[in-house]
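The values are calculated or read from the model by the stated rules, or taken from the named source; none is laboratory data. These numbers come from a predicted model, not from an experiment. Ideal geometry is used to build each Cβ from the backbone, glycine not excepted, and the neighbour counts take in all protein chains shown.
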């Protein structure tokens, strides 16, 4: 069962949203006004999904949405947003997982939340894969640089330099990139 945090400055609207979510068997862990929103208050709520009712998200609102989505890694649903393309694009760049610009009915909430959670999970997976790929590229460049140092300083072939680095990594229980970093550091120290 997903736990939902509502952020809305309009008490009646927030109360309707809370009742509708509870009717759909969600747990509403809190309702916050925008002035009370900060990283601590959101973390304290321990929500799975954050629903924001924002008729006209301003710059501050978008910055806070970006914080919720990226820093806290929570899917954010914006209800009652502006219908213009610019507002929608700004919200999506801020990390909004679902943006609903029209009036919704209670029965729409469950589907919106499910789509937002799935979309957020997919974007997180893609971000993680990109981060991993960038890390692998950096590691590969370090290994290549270290091989070059061994080839230049000791006359090893590329295959022999790699084999020596791999053997050292295995015998010392280190990752290959750690051995490469040590070789590069040793070279930099020797060059003064």
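Of the residues 140, 187, which single one is in contact (Cβ under 8 Å) with a residue 12 or more places away in the chain and either surrounded by fewer than 15 Cβ atoms within 10 Å (Cβ to Cβ) or part of a helix (DSSP H, G or I) (or both)? On inspection, the qualifying residue turns out to be 187.
Among the residues of the range 94-111, those identified as surrounded by fewer than 13 Cβ atoms within 10 Å (Cβ to Cβ) and either in contact (Cβ under 8 Å) with a residue 12 or more places away in the chain or more than 26 Å from the chain's Cα centre (by Cα) (or both) are 102, 103, 105, 107. Hey, any hits in the range 80-90 for a residue that's at pLDDT 80 or above, under 26 Å from residue 25 (Cβ atoms) and touching a strand residue (DSSP E or B) at 6+ places or on another chain (Cβ under 8 Å)? Checked against the condition, which is being at pLDDT 80 or above, under 26 Å from residue 25 (Cβ atoms) and touching a strand residue (DSSP E or B) at 6+ places or on another chain (Cβ under 8 Å), the range 80-90 yields no hits at all. Consider the range 96-119 and keep the residues that are in contact with a helix residue (DSSP H, G or I) (Cβ under 7 Å, 6 or more places away or on another chain) and in a helix (DSSP H, G or I). The one that is nearest to residue 66 (Cα to Cα) is 109. Are any of the residues in the range 64-75 under 21 Å from residue 120 (Cβ atoms), surrounded by 13 or more Cβ atoms within 10 Å (Cβ to Cβ), modelled with pLDDT under 80 and over 19 Å from the mean Cα position of the chain (by Cα)? No, the range 64-75 has no match at all.
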